[in-house]
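Notes follow the structure.
What follows is calculated from the coordinates using simple rules that are stated; it is not laboratory data. Keep in mind that this is a model prediction, so the values were computed, not measured. All Cβ positions, glycine included, derive from the backbone under ideal geometry; neighbour counts span all protein chains shown.
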Amino acid sequence: MDINDLVRENIKNLKPYSTARDEFKGQASVFLDANENSYGSPLPANYNRYPDPLQLDLKDAISKIKGVPIENTFLGNGSDEAIDLLFRAFCNPGKDNVIVLPPTYGMYEVSANINDVEIRKVSLLPNFQLDMEKIAETIDQNTKLIFICSPNNPTGNSINREDIETILTNFKGLVVVDEAYINYARQKTFIQELTEYANLVILQTFSKAWGLAALRLGMAFSSRKVIDILNKIKPPYNINQATQDLAFEALKNISQVNDWIKESVAERQRLSDALIDLKIVTKVYPSDANFILVEVTNALQIYDTLVNQGIIVRDRSKVTLCEGCLRITVGTKEENDYLLNVLKNIS
Ligand SMILES: Cc1ncc(COP(=O)(O)O)c(C=O)c1O
């Protein structure tokens, strides 16, 4: 398949914004080309200068950890930015459509609505796996993107690998596999499959296992053509210098991140085992993420009781297939103990 056939005509013809730093490459000591403050910045670092638009040093460091070449890596202001840019690059408003698989992460639908792109929903099966027949029936020649969240938010399960591979092989648009929670999963990432499928886009983020939600840094890995298009249409300096510097530092701390992942996974098991023993809990869904979907006897009342004790969880009880459920992020051991204690006292 040729990715160029999927790109919107106006994006194909777009002459992208050219930054001062795009126009000059080489060595120089006096930069009078970008109307920056030549005198300095109130902060110690080089914050008076615009950041590298392509974040090459940071991408190089990410590449060493992920094993994905720089030219197959896009960085966004959160993965939410990558999601929005995929719509803007590939979906003609009022004409094209995308497929989402609810219950799932809400931003796919919000981004579709912002971009005036038709959204086609194919519910997951009751076991939270893909309804392959329905998906096949729903695709038409204007379907540009399919969003598969694995592990899925809010259900917590990984999607069967063979099903994702079947879609990658047969679908003529882009398959976006959102791996925001992959570090907590038993299932392995699709990164190894990037060389096999030109239509695969993998989203990952620094907001979860890396503990950097405040920095707003998301990754998209894909074939060179898709990455080039995202880079062509992104705001020129979408990743600020502070984020680039701090993420670069954080990448040196991978052993700390791995320890947290191990601890979260152990706590996820302990919390799941303890929850299912409670009277008010009717079901605990297995999780491959850092949260657990829990069916309870009276979601609204339990939610309110938790709020009154200063504990906030996510009420998903009105979401199709999650009726009566709360989504609970795995906390620290102390937070989980406190949560369990409060829940034990609800009858
Ligand atoms: C499945 C999924 N994808 C993406 C995101 C957003 O990631 P980011 O913080 O990188 O925008 C979230 C956040 O909750 C998520 O659950």
Q) What Kirkwood hydrodynamic radius do you get for segment 110-178 when you take the inverse of the mean 1/r over all pairs of distinct Cα atoms, in Å? A) 12.8
Q: Please build a GNM for the chain, connecting alpha carbons under 10 Å apart, and tell me which residue among Lys234, Lys134, Lys15 fluctuates the most.
A: Lys15
(Q) Compute, for the chain, the length of the dipole vector about the Cα centre, with Cβ point charges of +1 (Lys, Arg) and -1 (Asp, Glu) only. Units Debye, rounded to 20. (A) 140
Q: Could you calculate the contour length gain from Glu196 to Tyr17, that is, 0.36 nm times the residue separation minus the distance between their Cα atoms, to one decimal place in nm?
A: 61.2 nm
**Q.** Violating pairs (Cα-Cα greater than 25 angstrom) within the set Lys15/Lys172; Lys12/Lys134; Lys208/Lys232; Lys25/Lys232; Lys12/Lys234
**A.** Lys15/Lys172; Lys12/Lys134; Lys208/Lys232
(Q) How compact is segment 255-344 by the rule of thumb for globular proteins, expressed as Cα Rg over 2.2 N^0.38 Å? (A) 1.05
(Q) Under 10 Å, Cα contacts only: if you run a Gaussian network model on the chain, which one of Gly331, Gly67, Gly310 comes out with the highest mean-square fluctuation? (A) Gly310
Q. How big, in percent, is the set of alpha carbon pairs in the chain lying more than 37 Å apart?
A. 25
Q. Which FRET efficiency value, to the nearest 0.05, is calculated for Glu323 and Asp273 with the Förster distance at 35 angstrom and r the Cβ-Cβ distance?
A. 0.90
Q) Using a Cα distance threshold of under 22 Å, what count of lysine pairs results for segment 255-344 when pairs must be 8 or more residues apart or interchain? A) 8
Q: Would you kindly state how much longer the chain becomes between Ser29 and Ala242 on full extension, computed as 0.36 nm times their sequence separation minus their alpha carbon distance, in nm to one decimal?
A: 74.4 nm
(Q) How far apart, in nanometres, would the label points at Lys95 and Asp2 be if each is projected 7 angstrom from Cα along the Cα-to-Cβ direction? (A) 1.7
Q. For Cys325, what charge total do you get from the other residues with a beta carbon under 12 Å from its beta carbon, if Lys and Arg give +1 and Asp and Glu give -1?
A. +2
(Q) With a cut-off of 8 Å between alpha carbons and a minimum separation of six or more residues, what is the relative contact order of the chain in percent? (A) 17
Q. Taking the alpha carbon gyration tensor of segment 249-297, what are the square roots of 5 times its eigenvalues, largest first, to the nearest whole Å?
A. 29, 9, 7
Q) Taking Cα centroids, how far is segment 36-78 from segment 92-136 in Å? A) 33
Q: Would you mind listing how long segment 1-158 runs along its three principal axes, going by Cα atoms, in whole Å with the largest first?
A: 62, 36, 29
Q | Lone cysteines, the chain (no partner Cβ under 4.7 Å) | A | Cys91, Cys149
